[in-house]
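Only one structure is covered here, and it is reproduced in the block below.
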Amino acid sequence: MPGEPNLTIESDPKTDDLVQPFQIDPFALRGRLVRLGSTVDRILSQHDYPEPVAAILGEAITLAVLLAGALKYDGIFTLQTKSDGPVRLIVADVSTEGAVRGYAQYDRERLDSVATPAGASPSVPDLIGSGYIAFTVDQGEHTERYQGIVELIGATLAECAQHYFRQSEQIQAGIKLSVARSGDDDAWRAGGLMLQRVPPEGGYTVIADDVEDGWRRAMVLMSSATPGELVDPELSPHRLLFRLFHDEGVRVFRTHPIEARCRCSSERIGRILRSFPAEDVEDMRKDEVISVTCEFCNTRYEFAGEDFAPLASA
Ligand SMILES: [Zn+2]
């Protein structure tokens, strides 16, 4: 039995629903490991998605958490795909506090005609088709919205994101994602790894060839992580990072918690209804009641009367 890896700054008993930042010295490679347990299970279980849709949405959520962790922002980070495939829309967003939510829109008939081999990862060309993937940072009113947008190119969402970084940001990045059901309750779990090459301020303390070699070696080590390891509840984040990068000098930093939480409320939805033309809203009225379901969390809100006063949420 190998001993417990000695790379903790402080012992962290939580091993799920978190972002674990790390760094590989001396090449200043920055990385993050994301582990999602009840968070991703809750979001995916709120909907009755067919298996491949749930899996690709789980990947998108994990990717959003990985990418949000790379940014300094105060607000909401959103990942969105829009495309012509059976899964025509995926949205996942992450707040600075670590609240995550997401949903997908799909065409059941077209989905049924996609042959997905058992145990295979969902493929972007088959499920999502052609279109784009966009990343938005919204820091509230009176601030500039950042948006990055790129064509969906790649077999997996991870590859599409890597393409985005190469194309738009000129940042070298490696990304790995895994989503699976596990345990007696068949709950969804997700894991992701991201490595970025970020030249340190003041330059490298090692020669350029060594940096290049260090980056290549780290990428090879990262790709050696199996999909099973990324989601294994028995394999703690520290132990996984130690297993992958112990020869490279990996350091871990304080983790950030992640949880499934929607931002919808009857006040918010009432405000949106009041902003629509009255006749459009009246068209939605059935048996005196206007009912609105949040696409993210599937909560149903009901409104009555002229002023769309909220009824108790159904
Ligand atoms: Zn909601």
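So here's what we get for this one:
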item: Label-to-label distance, nm, for residues given as Ser113 and Arg263 (7 Å Cα→Cβ offset); result: 3.8
item: Rounded to the nearest 20 debye, dipole of the chain from Cβ charges on Lys, Arg, Asp, Glu; result: 560
item: Scattering curve values for segment 171-300, log₁₀ I(q)/I(0), Debye with Cα scatterers, q = 0.12, 0.16 Å⁻¹; result: -0.71, -0.91
item: Isolated Cys in the chain, by beta carbon distance under 4.7 Å; result: Cys160
item: Qualifying trypsin sites (Lys or Arg not before Pro) for segment 12-59 [loop in DSSP, other Cβ within 10 Å: at most 16]; result: Lys14
item: For the chain, radius of gyration divided by Kirkwood radius, i.e. Rg to Rh on alpha-carbons; result: 1.01
item: Accessible area in square angstrom per residue, the chain, 1.4 angstrom probe; result: 51
item: Where Lys72, Lys176 fall by accessible area, highest first, once all protein chains stay in place (1.4 Å); result: Lys72, Lys176
item: Accessible-area composition of the chain, carbon plus sulfur, in percent [1.4 Å probe]; result: 48
item: Distance (nanometres) between label positions extended 7 Å along Cα→Cβ at Glu248 and Glu141; result: 4.5
item: Of every Cα-Cα pair in segment 104-213, the percent that sits beyond 19 Å; result: 65
item: Gained length - Asp213 relative to Asp280, 0.36 nm times residue gap less alpha-carbon distance; result: 18.0 nm
item: Computed lengthening from Asp186 to Ile272, 0.36 nm per intervening residue step minus Cα-Cα distance; result: 27.2 nm
item: Using a Förster distance of 25 Å, the FRET efficiency for Tyr73-Gln105 (Cβ separation, nearest 0.05); result: 0.45
item: Per-residue [θ]222 nm for the chain (sum of -39500 (n - 2.57) over DSSP H runs n ≥ 4, rounded to 500); result: -8000 deg cm²/dmol
item: Set of lysines with alpha-carbon distance to Lys72 below 28 Å, sequence-local pairs under 8 removed; result: Lys14, Lys82, Lys176
item: Farthest positive-ward along the chain dipole, Cα basis, beta-carbon charges - from Thr293, Gly192, Ile43; result: Gly192
item: Accessible-area value, Trp215, 1.4 Å probe, nucleic acids and ligands omitted, Å²; result: 20
item: Euclidean distance between Cα centres, segment 162-213 to segment 42-90, Å; result: 18
item: Helix 208-223 vs. the chain, principal-axis angle (Cα, 0 to 90°, nearest 10); result: 60
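The values are calculated or read from the model by the stated rules, or taken from the named source; none is laboratory data. Given the structure is predicted, the values throughout are model-derived calculations rather than measurements. Cβ atoms come from the backbone with ideal geometry, glycine included; neighbour counts cover every protein chain shown. Heads up: the accessible areas ignore ligands, DNA and RNA and are worked out on the full protein's heavy atoms, side chains in. Shrake-Rupley method; radii C 1.70, N 1.55, O 1.52, S 1.80 Å.
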